[in-house]
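Peer 1: Dropping the structure in here first, questions after.
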Amino acid sequence: EDQVTQSPEALRLQEGESSSLNCSYTVSGLRGLFWYRQDPGKGPEFLFTLYSAGEEKEKERLKATLTKKESFLHITAPKPEDSATYLCAVLVYGGSQGNLIFGKGTKLSVKP
Amino acid sequence: SAVISQKPSRDICQRGTSLTIQCQVDSQVTMMFWYRQQPGQSLTLIATANQGSEATYESGFVIDKFPISRPNLTFSTLTVSNMSPEDSSIYLCSVSTGFDEQYFGPGTRLTVT
């Protein structure tokens with residue numbers, strides 16, 4: 001069964017304290033891995049797509065990396081406005097077209 | 001990307017009733033999807049809304065419970081029928097603009113009493 005596990009469930013950081021969020025996956029065939037940010041009361045906001053091991057993508061203070069078993073979302077010198085829930089999802093070959101399989105997310109809180 | 005709106009943003013409904021959620025996109029898209037986000041759970045795909053044909057439902061979801069319409073390339077509706085408290089959830093519409101990425105609407109928060 002295709003599965004996505006995110007850790008930790010919650011993470012509290014001080015402003016400027018860099019850290020990483022983990023997304024491990026067990027799938028039959030990875031087509032793509034996606035990172036989203038979700039603020040309370042809003043829909044997920046697309047951040048990155050990664051397709052192959054070794055690939056990296058960056059956006060402001062965020063950098064996403066991918067290996068054959070997991071992905072990391074590195075947050076460098078976070079600010080309070082980075083506080084949100086970060087969701088990881090995978091798209092697999094052979095599955096329903098468009099069926100993103102999501103993890104439960106990591107809730108990030110950044111204190112000033 | 002795409003700009004997606006949903007109506008209503010939230011509702012409180014009595015058990016046994018039905019609610020229709022609307023999803024409007026600012027551009028024509030081929031693929032539209034409906035997801036459910038239950039409290040403390042992952043987003044789960046309910047169905048793919050196909051223009052001009054019946055929706056394709058994922059395992060565990062049936063058309064009688066979640067009928068879907070897709071009358072054109074910018075609009076879709078999801079109806080939650082004969083609701084029970086277990087249907088209390090956030091319902092999200094998403095679209096794919098031709099690549100693998102999906103863009104989500106703001107969601108509809110449904111509470112069933």
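The values are calculated or read from the model by the stated rules, or taken from the named source; none is laboratory data. The model shown is predicted, which means the values in this text are computed figures rather than measured ones. Every residue, glycine among them, receives a Cβ derived from its backbone with ideal geometry; neighbour counts consider all protein chains shown. Surface accessibility is based on the protein's heavy atoms, side chains included, excluding ligands, DNA and RNA. Shrake-Rupley method; radii C 1.70, N 1.55, O 1.52, S 1.80 Å.
Peer 1: Which FRET efficiency value, to the nearest 0.05, is calculated for residue A:15 and residue A:57 with the Förster distance at 30 angstrom and r the Cβ-Cβ distance?
Peer 2: Plugging the Cβ-Cβ distance into 1/(1 + (r/R0)^6) gives 0.80.
Peer 1: Using each residue's phi in the range A:40-55, evaluate 6.51 cos²θ - 1.76 cosθ + 1.60 at θ = phi - 60° and report the 3J(HN,Hα) Karplus result to the nearest Hz, with x for Gly and Pro.
Peer 2: x, x, 10, x, x, 10, 5, 10, 9, 10, 10, 10, 9, 4, x, 6
Peer 1: Between the range B:27-101 and the range A:19-49, what is the C-alpha centre distance in whole Å?
Peer 2: Using only Cα atoms, the two centres lie 19 Å from each other.
Peer 1: Need one number: the % of Cα-Cα pairs in the range A:20-112 sitting beyond the 16 Å mark.
Peer 2: Across the range A:20-112, Cα pairs with separations above 16 Å total 52 percent.
Peer 1: Could you please state, rounded to a whole Å, how far the C-alpha centre of the range A:52-112 is from the C-alpha centre of the range A:1-17?
Peer 2: Centre-to-centre (Cα) distance: 9 Å.
Peer 1: Let me ask something additional. Could you sort B:12, B:68, B:46 by accessible area so the largest value comes first, with the probe set to 1.4 Å?
Peer 2: My answer, sorted largest first, is B:12, B:68, B:46.
Peer 1: Ignore the peptide's own chain and count Cβ atoms of other chains within 10 Å of each Cβ in B:98-105; give me the average, rounded.
Peer 2: That works out to 6 on average.
Peer 1: Given a 1.4 Å probe and no ligands, DNA or RNA in the count, how much accessible surface is buried by A and B, both sides, to the nearest 100 Å²?
Peer 2: The buried area between A and B, both sides summed, comes to about 1600 Å².
Peer 1: By the 4.7 Å beta carbon criterion, which cysteine residues of chain B come out unpaired?
Peer 2: B:13
Peer 1: So, one more: Considering the Cα positions of the range B:13-94, please state its Rg to one decimal place and its Dmax as a whole number of Å.
Peer 2: Final numbers for Rg and Dmax: 12.4, 35 Å.
Peer 1: Can you give the local net charge around residue A:36? Use residues other than it whose beta-carbon is closer than 12 angstrom to its beta-carbon, Lys and Arg +1, Asp and Glu -1.
Peer 2: Taking every Cβ under 12 Å from that of residue A:36, the sum is -1.
Peer 1: Do any of A:69/A:107; A:42/A:68; A:69/B:65; A:57/B:7; A:57/A:79; A:104/B:65 go past 28 Å between their Cα atoms, and which?
Peer 2: A:42/A:68; A:69/B:65; A:57/B:7
Peer 1: For the protein assembly as shown, compute Rh as the Kirkwood radius over C-alpha pairs and then the Stokes-Einstein diffusion coefficient at 25 °C and 0.890 mPa s; write the answer in µm²/s, rounded to an integer.
Peer 2: For the chosen part, D equals 136 µm²/s.
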